[in-house]
Amino acid sequence: MRFQHSSEIWRDFPELVPGVLFADGITPEASVDDRVAEFGAVARARLETSPEGELPEVRAWRRAFARMGLKPTQYRCASESLLRRFRKEGALPRIHPLIDLCNAVSLAFAIPVAVFDVAQVTDRLEVRHARGDETYVTFSGETEHPAPGEVIFADGAGRAHARRWTNRQSGLSAVRDMTRSVLIVAEALHESGPADVEKLVSALTGELGALWPVDPKPAILSASSPRFDF
């Protein structure tokens, strides 16, 4: 199985910095409360000095959404949506230990972090422009078809596992209690993205190795080395 961004994505967004991580052996029993609290404290401190919409990580994604023809305040990247809810409610709902951890890391770094159950992905996962015939399953079970040209995470069976790039993941490959193997993808577009994504991936690699019996496989991708095999 492999993960990559299409050449068109690299052409249109040369500032892109993707960090990826594969782990096999995830279980729902891990306790992540302390780690979630620590990463949440980092996010809370940042939000005390600047609203999420003014963070450089979020501003870069807003510019990208505008370039894709999307209204940035209508369709927000995942990290902005999490930060917005965290600022208003003071905490995020608990879903699964791995998702709770990744959401907390996303809050702290203000960078979108997607987690896919690879058992639900066919052959490959590529961030590319939709053809218009792909299928996307919502969390409520409804089926949608992304419009041609929309940036999606597509697998080899023509299923979209995320819509509008970092806006909304599919319910099909969402992490559940039976999930064991996952692909984690973090993507940044801001100026200090290379250093920040490296720190994020390093932090997640350490956390996963400490909390689960896994040997995480991380990588930082680039236009010259865009493919991750796992």
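Values in this text are rule-based calculations from the coordinates and carry no lab data. Predicted model only: the values in this text are computed from it and were never measured. Because the Cβ atoms are built from the backbone with ideal geometry, glycine has one as well, and the counts that use them run over all protein chains shown.
Identify all residues within region 145-160 that are among the acidic types (D, E) and either without any contact (Cβ under 8 Å) to a residue 12 or more places away in the chain or closer than 17 Å to V121 by Cα (or both); write none if there are none. Outline the logic, then answer.
Filtering region 145-160 down to residues among the acidic types (D, E) leaves 150, 155.
Matches in region 145-160: D155 only.
Within region 48-97, if we keep just the residues that are β-branched (V, I, T) and in a loop (DSSP other than H, G, I, E, B), the residue that is surrounded by the fewest Cβ atoms within 10 Å (Cβ to Cβ) turns out to be T73. There is no residue in region 141-153 that is closer than 27 Å to G25 by Cα, aliphatic (A, V, I, L, M), surrounded by fewer than 21 Cβ atoms within 10 Å (Cβ to Cβ) and in contact with a Gly (Cβ under 9 Å, 6 or more places away or on another chain). One residue stands out among those in region 109-125 that are among the β-branched types (V, I, T) and closer than 25 Å to D196 by Cα: the one that is surrounded by the fewest Cβ atoms within 10 Å (Cβ to Cβ), which is V115. Note on region 1-52: residues that are more than 27 Å from D215 (Cβ to Cβ) and of a type in the set (V, I, T) total 2. Sub-7 Å Cβ pairs linking a first residue in region 117-133 that is in a helix (DSSP H, G or I) to a second residue that is among the aliphatic types (A, V, I, L, M), at least 6 apart or interchain, are V118/M1; V118/V182; V118/L183; Q120/L172, ordered by first then second residue. For V185, the criteria (1) among the β-branched types (V, I, T); (2) over 23 Å from S7 (Cβ atoms); (3) within 14 Å of the chain's Cα centre (by Cα) hold in every case but one, which is (2).
The set of residues from region 1-39 being buried (at least 20 other Cβ atoms within 10 Å of the Cβ) and among the small types (G, A, S) comprises G19, A23. Apart from one condition, W165 fits all of (1) more than 22 Å from E15 (Cα to Cα); (2) assigned to a loop (DSSP other than H, G, I, E, B); (3) touching a Phe, Trp or Tyr at 6+ places or on another chain (Cβ under 9 Å); the exception is (1).
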